[in-house]
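Asks: For reference, the structure I am asking about is given below.
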Amino acid sequence: MSKHSIFHRGVIFFFKKNLLLTNSVTSGLCMAIGDLVQQECEYQTKVLPQRYDWGRTARMFSVGVAMGPLHHVYYVQLDRILPKADLKTVAKKILCDQAFASPLTILCFFYAMGGLEQKSFIEITSEVQKKFLYAYTGDCMYWPPVQFVNFYFLPTQYRVVYINVATMIFNIFLSFVKHYDQEH
């Protein structure tokens, strides 16, 4: 069996037959890796006394896996509603992403993480009120150029994996916002 054949079978298995599973697992892995990078930064700057909080990383992974299907459905539906890849359509997709998907994703992230941390709804809402603007501002600076590449150049089946890798980078920032105690 040639290397090309093995690669081709892998692409079919992950991106055709099991795309939802691929999107969900890569979402969780990329969120966990982003958190581990942020924890390493926190450890190196003496913010964290221990190198890794594996419970925190597990929560980030769990939230990422849970959000994978949401992203999967969102991108499939967005491409169904706006199927073209011209500049006008790409601009509409980016606007939809920033106006609807980004705020909802940030809210889902904070509420899911807070729930896994066993915080009350009131505590989570208080955290969202303090941190949402920071997270959304960072989102608005980072995601439009990333999404331009996504919507203009990539076919639908590769969107979520691409976004998961880009999210890994953004999750370093999101993990910082989530775990940074603004009172210190």
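Asks: Return the pair list, or none, for Cβ contacts closer than 7 Å from residues in region 34-46 that are in contact (Cβ under 8 Å) with a residue 12 or more places away in the chain to residues that are among the hydroxyl-bearing types (Ser, Thr, Tyr) and not in a helix (DSSP H, G or I), at least 6 apart or on different chains.
Replies: Leu36/Tyr52; Gln39/Tyr52
Asks: Right, here's the next one. Scan region 135-170 for residues that are polar (S, T, N, Q) and under 18 Å from Val76 (Cβ atoms) and jot them down.
Replies: Gln147, Asn150, Thr156, Gln157, Asn164, Thr167
Asks: Separate question: Please give the number of the condition Asp181 fails out of (1) more than 30 Å from Thr45 (Cβ to Cβ); (2) not in a helix (DSSP H, G or I); (3) not basic (Lys, Arg).
Replies: Exception for Asp181: condition (1).
Asks: Look at Tyr134 and say whether it is in contact with a Lys or Arg (Cβ under 9 Å, 6 or more places away or on another chain) and either of a type in the set (Phe, Trp, Tyr) or not in a loop (DSSP other than H, G, I, E, B) (or both).
Replies: Taking the combined requirement at face value, the residue does not satisfy it.
Asks: What residue, among those in region 127-157 that are aromatic (Phe, Trp, Tyr) and touching a helix residue (DSSP H, G or I) at 6+ places or on another chain (Cβ under 7 Å), is surrounded by the most Cβ atoms within 10 Å (Cβ to Cβ)?
Replies: My answer is Phe151.
Asks: Filter region 91-106 down to the residues that are out of contact with any Pro (no Cβ under 9 Å at 6 or more places or on another chain) and closer than 17 Å to Gly68 by Cβ and list them by number.
Replies: Across region 91-106, the qualifying residues are Ala101, Ser102, Leu104, Thr105, Ile106.
Asks: Quick check on this structure: which one of Thr89, Thr105 is over 30 Å from Gly55 (Cβ atoms), surrounded by 12 or more Cβ atoms within 10 Å (Cβ to Cβ) and not hydrophobic (A, V, I, L, M, F, W, C)?
Replies: Criteria check complete, one pass: Thr89.
Values quoted throughout were computed directly from the atomic coordinates according to the rules given, and no laboratory measurement underlies them. If you're wondering where the values come from, they're calculated on a predicted model, not measured in any experiment. Using ideal geometry, Cβ is built from the backbone for each residue, glycine included, and neighbour counts are taken over all protein chains shown.
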